[in-house]
1. Check off (1) touching a residue at least 40 places away in the same chain (Cβ under 8 Å); (2) assigned to a helix (DSSP H, G or I) for Glu353 and give me the number that stays unchecked.
2. Filter the stretch 110-153 for residues that are in contact with an Asp or Glu (Cβ under 8 Å, 6 or more places away or on another chain), within 16 Å of Leu59 (Cα to Cα) and part of a helix (DSSP H, G or I) and give the result.
3. Can you tell me which of (1) surrounded by 15 or more Cβ atoms within 10 Å (Cβ to Cβ); (2) closer than 15 Å to Leu187 by Cα; (3) modelled with pLDDT under 85; (4) not acidic (Asp, Glu) is the one Arg155 doesn't meet?
4. Taking the conditions exactly as written (of a type in the set (Asp, Glu) and closer than 24 Å to Pro314 by Cα), does Asp398 satisfy them or not?
5. Could you go through the stretch 33-46 and let me know if any residue there is at pLDDT 75 or above and of a type in the set (Lys, Arg).
6. Can you give me the number of residues within the stretch 47-91 that are modelled with pLDDT of 75 or more, out of contact with any helix residue (DSSP H, G or I) (no Cβ under 8 Å at 6 or more places or on another chain) and of a type in the set (A, V, I, L, M)?
7. Kindly list, by first and then second residue, each pair from a residue in the stretch 86-108 that is under 23 Å from Tyr125 (Cβ atoms) to a residue that is in a loop (DSSP other than H, G, I, E, B), limited to pairs with Cβ atoms under 6 Å and residues at least 6 apart or on different chains.
8. Restricting to the stretch 298-324, what's the tally of residues that are modelled with pLDDT under 70 and buried (at least 17 other Cβ atoms within 10 Å of the Cβ)?
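The values are calculated or read from the model by the stated rules, or taken from the named source; none is laboratory data. These numbers were taken from a predicted model, which means no experiment stands behind them. Positions of Cβ are backbone-derived with ideal geometry, glycine not excepted, and every protein chain shown enters the neighbour counts.
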Amino acid sequence: MASSSTYRRFKRRIGQLIRRVQTGVLPSASQISSDLSELLRDLQRSTQDEPEVAVETALYLLETMPRVFLYLDDRMGHLVRALEQVPGFLADVLKQEAKNKLSVLDRAEVMERVFCLWVGDDSGYLKHLGETLLESIVTREDEDAVIRICTEHLRHIPLVFPAAQGEKLDLDRAILQADRHRVEHLLGQVYASRNKSDYAVIVGRSHFRNTGDAVDLIEALLASGERSEARELARRVLRRPDAVRKEEVREIYEAMGEEPRSSELNAGILAAIDAFVDEPAWEAFQSLLDAVDGCWEAIREEVLARLRADGRHPEVLLRIYLDEGDILEADGLVTTQAMDPKFVADAAYEVMESHPGNAAGWLFIAAHGMAKIARRSNYLKAVEFLEAVRELSERAGDQESFSDAMMAFRELYGRRRLLMQLLDESGL
């Protein structure tokens, strides 16, 4: 802990800033920002002679100033820009001190204090301190310290299980989930620096499943060398109009560069494409992916366009869309192409939790397909699908739309007495 007269002098200057605000003498945000910038310049001059003072003063600024800023109008962002200088300054001091063999700075303690400020921040001013920790890591001991700090913190965060079917996480559980993710993400980045990217990928996949945010997963895949999977995931996200952090995904995707064009692929790959399109099947598609060896994005549009033009195997096309998570293309295909009703229903059950609205529509289409063939087993399947739609509509509070759709269904098949009887027995 710093105790020199220099530290006391800096602390008094910070205290004067705080008192000016707390006593009602409210300076402008730009004035406070200017005072902070001047203080940091003075602090930088003392770094070489008294690094411990520089670190302690920077931490004191981070501990006190965010609470003071709540009193001020910072619509122009002056305070944010001023405080953003402090973490970078702190990281520079820590990196410089790592080279000093005579340093008395307790680096592990400093990192733990920075971590506590980061996870305890509710002002939004300290959200970049996680990056500060990463930038401050120079030695193996630094890595060990951050891993220990993160692990200890995670040990005390309750596990947050998924919300019950049809419900959302309450605010407290959502905050716990977000807290756990950002600490796990930091831990994954530290492990990645040791060429152990698996943890970061696992954390990224979990976060993507829970929130739809793919940024961390794409970055983790790139760090682990899985460039092709990262590219395909980014492409899928960018095709979704409601994608989370879409602009950030676009920036990452554009930075990846171009894949080889199909015209540059070798004859063996082109032959594999022709073989798959001539006799498409899911197993053949997997063989094609093995043959192209990471170049699927380069040939994707050409292959899918040929499958759509052929029109004989929409089920394979639907399976590809579902495997890629491209629900918009899948929905367009189901609503425009005739397919095996059972296959459509299976697809609906697969997306029921993530896209209940699409699932309901697909099950209705499947029910129509089964009802067209006058056979008891088909009618029973149609009723099963309609019961699932009813459950979805009740969960969504949209019983009126379901009732209207059932009236139209009954009117269309009203002459099929066995089907009507089975509907009556199910209360449909």
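1. (2)
2. Met111, Leu117, Val119, Leu129, Ser136 - these are the residues of the stretch 110-153 that are in contact with an Asp or Glu (Cβ under 8 Å, 6 or more places away or on another chain), within 16 Å of Leu59 (Cα to Cα) and part of a helix (DSSP H, G or I).
3. (1)
4. Values: of a type in the set (Asp, Glu): yes; closer than 24 Å to Pro314 by Cα: no.
The answer is no for Asp398.
5. Filtering the stretch 33-46 for residues at pLDDT 75 or above gives 34-45.
In the following step, the residues that additionally are of a type in the set (Lys, Arg) were identified as 41, 45.
The answer is yes, given that some residue of the stretch 33-46 is at pLDDT 75 or above and of a type in the set (Lys, Arg).
6. The total comes to 0.
7. Here the result reads Pro87/His128; Val93/Thr47; Lys95/Val138, each pair linking the stretch 86-108 to a residue that is in a loop (DSSP other than H, G, I, E, B).
8. Count: 1.
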